[in-house]
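Here's the structure, in structure tokens; my notes come after.
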Amino acid sequence: MAQSAQHYLVGRGITDITGPAVGMQLWGFGRPDQIDEGIHLRQRSRAFVIAQADDPARRLVYVSAELGSIDHHITLDVVERLQRRFGSAYSLDNVIITATHTHSGPGGYWQSRTTTGLDGGLYPEHYEAIVSGITASIVRAHNDLQPGNIFIDTGRVADAGVNRSLVAYLENPAQERARYSDNTNTAMTVLKFVDESGPIGMLSWYALHPTAMNFHNHLISGDHKGYASLQMERQYGTTYASNEDFVAAFAQSDPGDVTPNTNLDNTGPGATDVETTRIMGERQLQRALQLFASADEELSGPIDMRRVYVDFSHYPVKSRYTGEGEQYTCPSAYGYSFAGGSTEDGGGHFLFREGMTEQRVWLDWLIRMVTGVPRWTEPVKACQAPKPILFETGSGKPPLQSQIHAVTVARIGQLVILALPVEVTTMAGRRLRDTVMNELGDWAGHIVLAGYANGYAGYVTTPQEYQLQQYEGGHTLHGQWSLPAYQQVASELAAALQAGTRVANATAYDDWRGKSPGLPLPAGTAATLAEGKDYGEPLLPLKKTQYNKGDTVIVDFWSSNPTAHYTTGNTFMLVERRTPSGWQVVADDGDWSTRVRWRLQDDVYVAQLSWEIPADTRAGNYRITHKGFDNTGTAFSGVSGVFRYEMP
């Protein structure tokens, strides 16, 4: 591809943000029995910094982190650390931090305002690892800034997700639905970052819930987006050890009602959740590779953005957006159907189901007795109708969760990014994009909706969808006028961006850092190893010494609880091949082919390391290495016996 004038400075960075691997509740499904036991894929933060070549002060940071959500306090801490290092180059205005929304990463990183444990609590060590990891990825991208070009392409992704709330989607006006051939957002947008050496990174947006790894899973995973990122990065030679590594971020968009479980019963299209993850990741990967190869429209033009804090507890929304006169959003509250969960993704508590619209006295009594949360109030119940209130979280002094959320509209040349702290359903996303584009000039050629950005505030459905109180409606925290409210905010930001005017922002965020009671990581109480046993020592010799295509090598090692000496940027597993110059690493615990799972055996931790031998593996002699920290925090390492792999 011939190089044209370089309109931007571009930089990329990637870091490990894998959470504690044992003893933590996984974020997303809200099941207290979904406690992690090990690692399938490592979690990573992928960052891009883009600056105008002719005015480098005009810049934008975009981060896609393999987390379930972004607590806004994470954004606050990251920006403060960037400012201590780089001064005014970065601010809350030009930093967008998003989550891929994996449901297979440890929770416990919200600045909790409650001691009920309903939000997972706060583990300061985990929170710090996320903040420092995201910051490090941005610092790497900043240090990597160099003249470059950004190319864009868009295309349809086939068979990668279905609408899990079709009954609610059909409540939208028929005339509106007729404008679209699909009942999900099937568009993928890809950015191709190129410097003088060639391609250095890819950033894509596609709307698909990362619930392929279901609530029976107990291993850390980035789900299908983690799979796609890993595979593309490996294709481009990424080692995860070099600042020159190619970075491929499969970012999230508006998947509020889009599930990868195509059978609509928490299964399919794969025979297992792991296979469904691979299939959905592969479909995104292949389309992204095609669009990456064909991208020839170059982004050019200014970098600019507008951001605002909005208090959604009682936000007035004009008739232009409601269609029913001036209305108000509500103090946040969860509905019964939130507890019922999405039936198509496995459902939730057996006492609740989707579509519940009537308050029940006995359920309310049971909820208060079990959780200790306050009773709902009549004004909030009336405002949230027809939602029956499960938990009322927005009316206290202070509220149990912040009512203040950040919204950003940014541009990179002809690309517009609408960054929202919510999970947006398909039709709601369409209305939001239309609202923004209607305020912009002909220069705006593309728009992406970046969900899970700079905070987390539940779902946003259309008012029509909200009436049925499916799971998504029960999790629309600020009531049926939430979408019109976000449309109004986005419209005002887009209009200011177009006019080049400032946005008044008198609302300050109610920072909760330092107030949340921190919890120690669940390190467990394992016994010391028996005399004559060593950490890293295999329990038994290998069952065989020669393996063939399709085999899985499994080795058990004496180990320790990895959460007791939690760190990131390490590895617990290596697969090595013997070469004339020594042992060469061919896989580690961040690869799709490997798994590390810990268990207690006679009150001592055992790590089971497994390697599903890939089809393209070279013949040769191999071994598996286990690394960790013993009960005193001293590093240990042990190896399996040598085995041979023969190609068929």
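The values are calculated or read from the model by the stated rules, or taken from the named source; none is laboratory data. All of these numbers come straight from a predicted model, not from anything done at the bench. Because the Cβ atoms are built from the backbone with ideal geometry, glycine has one as well, and the counts that use them run over all protein chains shown. Ligands, DNA and RNA are excluded from the accessible area calculation, which covers all protein heavy atoms including side chains. Shrake-Rupley method; radii C 1.70, N 1.55, O 1.52, S 1.80 Å.
Here is how the numbers come out for the structure above:
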{"quantity": "Vicinal HN-Hα couplings computed from phi for segment 35-42 (Karplus, 6.51 cos²θ - 1.76 cosθ + 1.60; Hz; Gly/Pro x)", "calculated": "9, 6, 10, x, 10, 9, 10, 6"}
{"quantity": "Residue-normalised accessible area of the chain, expressed per residue, 1.4 Å probe, Å²", "calculated": "37"}
{"quantity": "Relative contact order (%) - criterion: Cα under 8 Å, at least six apart; region: segment 451-490", "calculated": "38"}
{"quantity": "Of all accessible heavy-atom area on segment 23-94, the percent that carbon and sulfur account for (1.4 Å)", "calculated": "44"}
{"quantity": "Antiparallel content of DSSP bridges confined to the chain, in %, to 5", "calculated": "80"}
{"quantity": "Under 13 Å, Cβ to Cβ, from residue 295 - net charge with Lys/Arg +1 and Asp/Glu -1", "calculated": "-2"}
{"quantity": "Relative packing of 48-54, 397-403, which averages over residues the other C-beta atoms within 10 Å, highest first", "calculated": "48-54, 397-403"}
{"quantity": "Segment 378-446 shape via C-alpha gyration tensor axes, a/c threshold 1.5", "calculated": "prolate"}
{"quantity": "Candidate residues 540, 82: accessible-area rank, largest first, probe 1.4 Å", "calculated": "540, 82"}
{"quantity": "Alpha-carbon gyration tensor eigenvalues x 5, square-rooted, for the chain, Å", "calculated": "39, 31, 23"}
{"quantity": "Radius 15 Å from Cβ of residue 504, net charge of other residues (Lys, Arg +1; Asp, Glu -1)", "calculated": "0"}
{"quantity": "Residue 456 long-range amide H proximity, modeled H, under 5 Å", "calculated": "72"}
{"quantity": "Cα shape, segment 100-151, gyration tensor, a/c 1.5 rule", "calculated": "prolate"}
{"quantity": "For segment 320-331, 3J(HN,Hα) per residue [Karplus equation, 6.51 cos²θ - 1.76 cosθ + 1.60, θ = phi - 60°, Hz, x = Gly/Pro]", "calculated": "3, 9, 8, x, 9, x, 5, 10, 10, 6, 10, x"}
{"quantity": "Interchain or long-range residues, amide H under 5 Å from residue 308's placed H", "calculated": "407"}
{"quantity": "Calculated FRET value between residue 319 and residue 159, using beta carbons and R₀ = 30 Å, to 0.05", "calculated": "0.15"}
{"quantity": "Within the accessible area of segment 410-539 (1.4 Å probe), percent carbon and sulfur", "calculated": "48"}
{"quantity": "Shape of segment 420-547, Cα gyration tensor, a/c cut at 1.5", "calculated": "prolate"}
{"quantity": "Mean Cβ neighbour count within 10 Å, used as a protection proxy, ranking 186-195, 483-492 highest first", "calculated": "483-492, 186-195"}
{"quantity": "Whole-percent carbon and sulfur share, accessible surface of segment 274-343, 1.4 Å", "calculated": "47"}
{"quantity": "Distance between modelled label sites at residue 531 and residue 80, nm, 7 Å Cα→Cβ extension", "calculated": "5.2"}
